[in-house]
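The values are calculated or read from the model by the stated rules, or taken from the named source; none is laboratory data. The model shown is predicted, which means the values in this text are computed figures rather than measured ones. Cβ: placed from backbone, ideal geometry, glycine included. Neighbour counts: every protein chain shown.
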Amino acid sequence: MVNSGDMSRRLLSKELTSIGCEEQDIHMRQVANPPNPFESRHRELLEPAASPHVMVYADETREILSRNDSPDLPFRWSVNPYRGCFHACAYCYARPTHEYWGFGAGTDFESKIVVKEDAPRLLRQQFEKPAWRGELILFSGNTDCYQPIEAEYGLTRACLQVCAEYHNPVGIITKGALILRDLDVLMQLHHKAWLMVYFSIPFASDEMARKVELQTPSTTKRLSTMKTLSDAGIPTGISIAPIIPGLNDDMIPELLDRAHEAGACAATFSLLRLSGNVEPVFLDRMGQAFPERIGKIMSRLREVRAGCLTESRFFRRQAGEGSYWEMIEQLFALSKRRAGFSDDQAMDIPRTFRRPRGEQVSLF
């Protein structure tokens with residue numbers, strides 16, 4: 001992901017209680033961050049760290065569209081209203097992006113949240129440029145656009161309203177039940193342009209999900225939210241990501257069955273990636289949450305990664321190799337058919353974009 005804006009920020013005065021944490025409890029840990037490779041100095045604490053407090057920063061960059069130059073991802077443009085993510089998923093591949101800001105990839109990532117307050121205006125400004133042709137925009141390619149802070153700022157909703165006004169196709173991937181607040185805007189997008197909502201649900205067990213995805217809505221809540229959208233006519237899908245061999249690969253059949261029952265029309269999956277400082281954060285938290293299974297998890301990861309824990313090369317980073325990975329692929333394919341999903345999930349995205357001319361559009 002590349003955002004062409006300058007990385008400037010200022011601290012906002014916001015307390016944790018104002019962020020709107022949906023239904024879940026707060027499980028913030030003690031401050032713990034791996035050494036930042038972009039910092040020349042690393043501080044070692046001489047006593048136990050205090051629990052982190054959520055701090056909110058304003059992103060003052062002048063660009064809102066992030067261009068994806070990765071050839072193995074199915075989208076070109078994304079909007080990320082927030083940097084960092086309160087959901088605190090141990091495996092999140094976006095953690096190292098926080099280090100560009102001088103923050104850590106550990107608790108900093110989930111407690112120092114950066115908001116793009118000007119996102120809706122910048123998106124409208126982009127849509128008014130002659131070069132914009134109405135390509136698909138993904139919310140979000142990096143951190144969850146419906147993390148709890150969205151309840152306070154409403155930036156995702158405002159950006160979606162701009163997309164609806166311009167009839168621009170949209171894809172969404174989220175763990176957040178807060179998306180139900182915006183059902184009216186989603187319906188507009190569905191009827192005026194094109195919309196697909198994927199829910200990221202890697203665990204069938206609410207208990208296991210809570211240990212790995214500390215501050216997300218439960219699996220049960222996410223599936224219930226999926227059903228509400230599906231019943232309203234919004235196309236939905238499930239993303240079983242990441243697959244963590246030795247931990248959740250055996251949950252694939254149940255997840256696909258439950259997602260199809262909830263109205264999902266598409267399903268996808270991908271293997272865990274431990275790029276950069278995701279690895280020490282993930283291993284530390286998995287060791288604490290699953291001390292009896294961490295050895296098996298690491299062994300299985302190395303088995304499907306040719307002896308390594310991760311893979312960064314395009315077209316190979318989201319999938320594994322070897323007999324164990326082939327078994328996972330076969331399990332997904334068989335379970336998908338048995339659940340009732342169509343084999344053909346190709347979707348044609350219509351060219352619906354148009355600039356409103358009924359009244360003068362203000363860029364300011």
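Given the criterion farther than 30 Å from residue 32 by Cα and under 19 Å from the mean Cα position of the chain (by Cα), identify the matching residue among 105, 119, 131.
Numbers: 105 fails: farther than 30 Å from residue 32 by Cα; 131 fails: under 19 Å from the mean Cα position of the chain (by Cα).
Of 105, 119, 131, the one residue that is farther than 30 Å from residue 32 by Cα and under 19 Å from the mean Cα position of the chain (by Cα) is 119.
For residue 310, are the conditions met, namely being out of contact with any strand residue (DSSP E or B) (no Cβ under 9 Å at 6 or more places or on another chain), surrounded by 14 or more Cβ atoms within 10 Å (Cβ to Cβ), modelled with pLDDT of 95 or more and not in a helix (DSSP H, G or I)? Walk me through how you get there before you give the answer.
Details: out of contact with any strand residue (DSSP E or B) (no Cβ under 9 Å at 6 or more places or on another chain): yes; surrounded by 14 or more Cβ atoms within 10 Å (Cβ to Cβ): yes; modelled with pLDDT of 95 or more: no; not in a helix (DSSP H, G or I): yes.
Considered against the rule, which asks whether it is out of contact with any strand residue (DSSP E or B) (no Cβ under 9 Å at 6 or more places or on another chain), surrounded by 14 or more Cβ atoms within 10 Å (Cβ to Cβ), modelled with pLDDT of 95 or more and not in a helix (DSSP H, G or I), residue 310 comes out as no.
Quick test for you: out of 187, 196, 208, pick the one residue that is of a type in the set (A, V, I, L, M) and buried (at least 19 other Cβ atoms within 10 Å of the Cβ). Quick ask: steps written out before the conclusion?
Working: 187 fails: buried (at least 19 other Cβ atoms within 10 Å of the Cβ); 208 fails: buried (at least 19 other Cβ atoms within 10 Å of the Cβ).
Residue meeting the stated conditions: 196.
Given the structure, is residue 86 farther than 23 Å from residue 177 by Cβ, touching a strand residue (DSSP E or B) at 6+ places or on another chain (Cβ under 9 Å), at pLDDT 90 or above and part of a loop (DSSP other than H, G, I, E, B)?
Numbers: farther than 23 Å from residue 177 by Cβ: no; touching a strand residue (DSSP E or B) at 6+ places or on another chain (Cβ under 9 Å): yes; at pLDDT 90 or above: yes; part of a loop (DSSP other than H, G, I, E, B): yes.
Answer is no for this residue.
Could you identify the single residue in 103, 38 that is modelled with pLDDT of 50 or more and either in contact with a strand residue (DSSP E or B) (Cβ under 8 Å, 6 or more places away or on another chain) or surrounded by 15 or more Cβ atoms within 10 Å (Cβ to Cβ) (or both)?
Values: 38 fails: either in contact with a strand residue (DSSP E or B) (Cβ under 8 Å, 6 or more places away or on another chain) or surrounded by 15 or more Cβ atoms within 10 Å (Cβ to Cβ) (or both).
Within the list 103, 38, the selection yields 103.
So how many residues does the stretch 280-314 have that are closer than 16 Å to residue 93 by Cα and not aliphatic (A, V, I, L, M)?
Final tally of qualifying residues: 9.
Please go through the stretch 145-161 and pick out each residue that is free of Cβ contacts under 8 Å to residues at least 60 places away in the same chain and either of a type outside the set (A, V, I, L, M, F, W, C) or crowded, with 24+ Cβ neighbours inside 10 Å (or both).
Of everything in the stretch 145-161, those that are free of Cβ contacts under 8 Å to residues at least 60 places away in the same chain and either of a type outside the set (A, V, I, L, M, F, W, C) or crowded, with 24+ Cβ neighbours inside 10 Å (or both) turn out to be 146, 154, 157, 160, 161.
Answer yes or no as to whether residue 166 is of a type outside the set (Lys, Arg) and closer than 27 Å to residue 254 by Cβ. Spell out how you get there, then give the answer.
On the way: of a type outside the set (Lys, Arg): yes; closer than 27 Å to residue 254 by Cβ: no.
Criteria not met by residue 166.
Looking at (1) closer than 20 Å to residue 328 by Cβ; (2) surrounded by fewer than 15 Cβ atoms within 10 Å (Cβ to Cβ), can you tell me which one residue 290 breaks?
All conditions are met except number (2).
Has the stretch 55-66 got any residue that is at pLDDT 95 or above, aliphatic (A, V, I, L, M) and either in contact with a Cys (Cβ under 9 Å, 6 or more places away or on another chain) or closer than 19 Å to residue 186 by Cα (or both)?
No: the stretch 55-66 contains no residue that is at pLDDT 95 or above, aliphatic (A, V, I, L, M) and either in contact with a Cys (Cβ under 9 Å, 6 or more places away or on another chain) or closer than 19 Å to residue 186 by Cα (or both).
Report, by residue number, each residue of the stretch 319-344 that is in contact with a strand residue (DSSP E or B) (Cβ under 6 Å, 6 or more places away or on another chain) and within 15 Å of residue 267 (Cα to Cα).
At the first step, the residues of the stretch 319-344 found to be in contact with a strand residue (DSSP E or B) (Cβ under 6 Å, 6 or more places away or on another chain) are 319-320, 332, 336, 341.
Answer for the stretch 319-344, where residues must be in contact with a strand residue (DSSP E or B) (Cβ under 6 Å, 6 or more places away or on another chain) and within 15 Å of residue 267 (Cα to Cα): 332, 336, 341.
Return the pairs, sorted by first residue and then second, in which the second residue is basic (Lys, Arg) and not in a loop (DSSP other than H, G, I, E, B), the first residue lies in the stretch 205-224 and is without any contact (Cβ under 8 Å) to a residue 40 or more places away in the chain, the beta carbons are less than 7 Å apart, and the residues are 6+ apart or on different chains.
Here the result reads 223/258, each pair linking the stretch 205-224 to a residue that is basic (Lys, Arg) and not in a loop (DSSP other than H, G, I, E, B).
Report whether or not residue 222 is assigned to a helix (DSSP H, G or I) and under 20 Å from the mean Cα position of the chain (by Cα).
Values: assigned to a helix (DSSP H, G or I): yes; under 20 Å from the mean Cα position of the chain (by Cα): yes.
Taking the combined requirement at face value, the residue satisfies it.
Filter the stretch 286-301 down to the residues that are over 21 Å from residue 239 (Cβ atoms), within 25 Å of the chain's Cα centre (by Cα) and part of a helix (DSSP H, G or I) and list them by number.
Result: 287, 288, 289, 294, 298.
Determine the pairs where a residue that is in contact (Cβ under 8 Å) with a residue 40 or more places away in the chain, located within the stretch 312-330, has a partner that is surrounded by 13 or more Cβ atoms within 10 Å (Cβ to Cβ) and among the aliphatic types (A, V, I, L, M) with Cβ atoms under 6 Å apart, the partner being 6 or more residues away or on another chain.
Qualifying pairs under 6 Å: 318/271; 319/271; 320/271; 320/304; 324/304; 325/304.
Do we find that residue 337 is surrounded by 11 or more Cβ atoms within 10 Å (Cβ to Cβ), basic (Lys, Arg) and either outside any helix (DSSP H, G or I) or under 23 Å from the mean Cα position of the chain (by Cα) (or both) in this structure?
Values: surrounded by 11 or more Cβ atoms within 10 Å (Cβ to Cβ): yes; basic (Lys, Arg): yes; either outside any helix (DSSP H, G or I) or under 23 Å from the mean Cα position of the chain (by Cα) (or both): no.
So residue 337 does not fit the description; no.
Looking at the stretch 154-173, which of its residues are outside any helix (DSSP H, G or I) and of a type outside the set (Val, Ile, Thr)? Lay out the reasoning, then the answer.
Applying the first criterion (outside any helix (DSSP H, G or I)) to the stretch 154-173 yields 154, 166-173.
Passing the criteria: 154, 166, 167, 168, 169, 171.
Assuming residue 273 fulfils every condition listed in (1) surrounded by 20 or more Cβ atoms within 10 Å (Cβ to Cβ); (2) at pLDDT 95 or above; (3) farther than 30 Å from residue 166 by Cβ apart from one, which condition is it?
(2)
Filtering the stretch 249-285 down to residues that are assigned to a helix (DSSP H, G or I) and touching a strand residue (DSSP E or B) at 6+ places or on another chain (Cβ under 7 Å), which residue is farthest from residue 309 (Cα to Cα)?
Step one: of the stretch 249-285, the residues assigned to a helix (DSSP H, G or I) are 249-261, 278-285.
So of that shortlist, the ones also touching a strand residue (DSSP E or B) at 6+ places or on another chain (Cβ under 7 Å) come out as 249, 252, 255-256, 259.
On the way: 249: 16, 252: 21, 255: 25, 256: 26, 259: 29 Å.
In this case the residue turns out to be 259.
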